[in-house]
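Presented below is the structure to which this report refers.
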Amino acid sequence: MNFEIALVWESLPKIVEGMGLTIELLLISLTLGTALSVVLVLMRISGIPALVWPAFLYIYVFRGTPMLVQLFIVYHGLAQFEFVRNSVLWVFLREPFWCAIIAFSLNVAAYTAEILRGGIQGVDRGLHEAGRALGLKPYQRFLHVTAPIAIRLSLPAYGNEIISLLKGTALVSLITMYDITGVARTIVARTFAPYEIFVSAAIVYLCLTWLIQRGVGLAERRFGRYVRR
Amino acid sequence: MAVVVEWLDAFAWGALVVLRVFVVALILTVIWGLIGASAKLSDSALARGVANAYTTVFRGTPELLVLLIIYFGSAVTLTGIAKMVDPSVKFIGIPPFWAGSLAISLIVGAYATETFRGAFLGVDRGQVEAARALGLSPGQTFFYVRLPQMWRLALPAFGNHMNSLIKDTALLSVIGVEEIMYAADRATAMTNKPFTMYLVVAIIYLAFVSVIIKTVAVLEVYANRHLERTR
């Protein structure tokens, strides 16, 4: 068995074409998911049982089930209901792209909410008390004292979550979409050279992972600029 | 819900397959993690380099892609080798069950490597020096001194790895392992009730994950029992 390096060079440009979709899925679901996670974490730490429990349950369910199952429930599952098929939203819900966005956003929101909660819990109690002593209102304390520190503490885990999501986007190749993995699979079906093609795809993913790590690293430096020394 | 009852058998068998994959992959994960962590902490630059490459690649590549590379890649390699021996051979591959277990164990093993590395570093150096002073061999030091002290440090993160492992088994239907996703696919094709069927899959996974979380919590209490008084 020999590894044909030429095939890697041939297939890389085609695989890179699938990268656009991968990045689009990543950025849209990350934005929506992060926005939702802020709502979730506020509910989770609110101390009001009627808000805490739904948030807890949501986070537990979405972290406790595979992303593939979540994707299939949205993509294959929702069509089971006639009212969904008759609704205005069906225009979106029959598109694999939007189903993926919905499933990924909901999934990321659960993980990110838990990450943010960890960050908020990591903020020193003394800072809270200092804020109160300065006469800051609760929302001011949260916005100007707790949140900036919590974000800094959450960043490393959030970076891992972005990478997790990047890897998760490969699942869309199972619902008829041509992202990096989807393109690679069609080329493999034609050439039957799984090593060369899939390894090329892996290289593209590793480059993206590296970029994300660099980006998060820069953000960590920025948010932590007052911590050094 | 009456539809689900008819397919309960299929789901039960599927759940059993998930459990078998989980057990096999868990054992392999621990092995990869221990080897990887030892390599990362070793004095050999080569071992460290290989271990770093391993964790970078397997943590940065999608799980689905790793699975496809191992399943289809191994088939191409094995068929190629077999053809050298006997040209009449058409196709040989690793059975999907084993290819799948290997793939997810390698992925989670990369995460376990980092966890175990941190846990080994958490064991007081003096302990290792004491073991050496007592004349224990490196193997004895590893199994009697370092391992019993590191596992409680690794436990919380390793609980998360076990959850990843069980959730990754959902991918195995892609290469034809007859687990619960596969059961749901079949049930959907027959009944046209995809939401119901995939919901059942979700509930089964949630049950597995809940059991893992509970077990890890119990193990943590057990692992830290010697600290009870000091708290």
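The values are calculated or read from the model by the stated rules, or taken from the named source; none is laboratory data. Source: prediction; values computed, not measured. Quick reminder, even Gly has a Cβ in these numbers, built from the backbone with ideal geometry, and neighbours come from all protein chains shown.
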Note down all Cβ pairs under 6 Å where the first residue falls in region B:200-215 and is closer than 15 Å to B:Phe158 by Cα, the second is assigned to a helix (DSSP H, G or I) and of a type in the set (S, T, N, Q), and they're at least six residues apart or on different chains. B:Val209/B:Asn163; B:Ile212/B:Asn163
Whichever residue in region A:162-201 is part of a loop (DSSP other than H, G, I, E, B) and facing chain B (nearest Cβ under 10 Å) and, among such residues, is modelled with the highest pLDDT: A:Asp179
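Matching residues to (1) free of Cβ contacts under 8 Å to residues at least 60 places away in the same chain; (2) out of contact with any helix residue (DSSP H, G or I) (no Cβ under 7 Å at 6 or more places or on another chain); (3) within 14 Å of chain A (Cβ to nearest Cβ):
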position	(1), (2), (3)
B:Lys40	no, no, no
B:Gly49	yes, yes, no
B:Asp86	yes, yes, no
B:Leu102	no, no, no
B:Val128	yes, no, no
Residue match in region A:6-23 (condition: surrounded by fewer than 18 Cβ atoms within 10 Å (Cβ to Cβ), under 30 Å from B:Ile166 (Cα atoms) and free of Cβ contacts under 8 Å to residues at least 12 places away in the same chain): no
For helices (runs of 4 or more DSSP H) lying entirely in region A:60-104, having 1 or more residues that are of a type in the set (Lys, Arg) and either at pLDDT below 95 or farther than 30 Å from B:Lys214 by Cα (or both) picks out A:82-86
Among residues of region B:51-65, those that are of a type in the set (A, V, I, L, M, F, W, C) and in contact (Cβ under 8 Å) with a residue 60 or more places away in the chain, counted: 2
A:Ala189 passes all but one of (1) over 24 Å from A:Val69 (Cα atoms); (2) in contact with a helix residue (DSSP H, G or I) (Cβ under 8 Å, 6 or more places away or on another chain); (3) of a type in the set (Gly, Ala, Ser); which number fails? (2)
Only one residue in A:Tyr75, A:Tyr58 is surrounded by 17 or more Cβ atoms within 10 Å (Cβ to Cβ), among the aromatic types (Phe, Trp, Tyr) and within 27 Å of A:Val123 (Cα to Cα), so which one is that? A:Tyr58
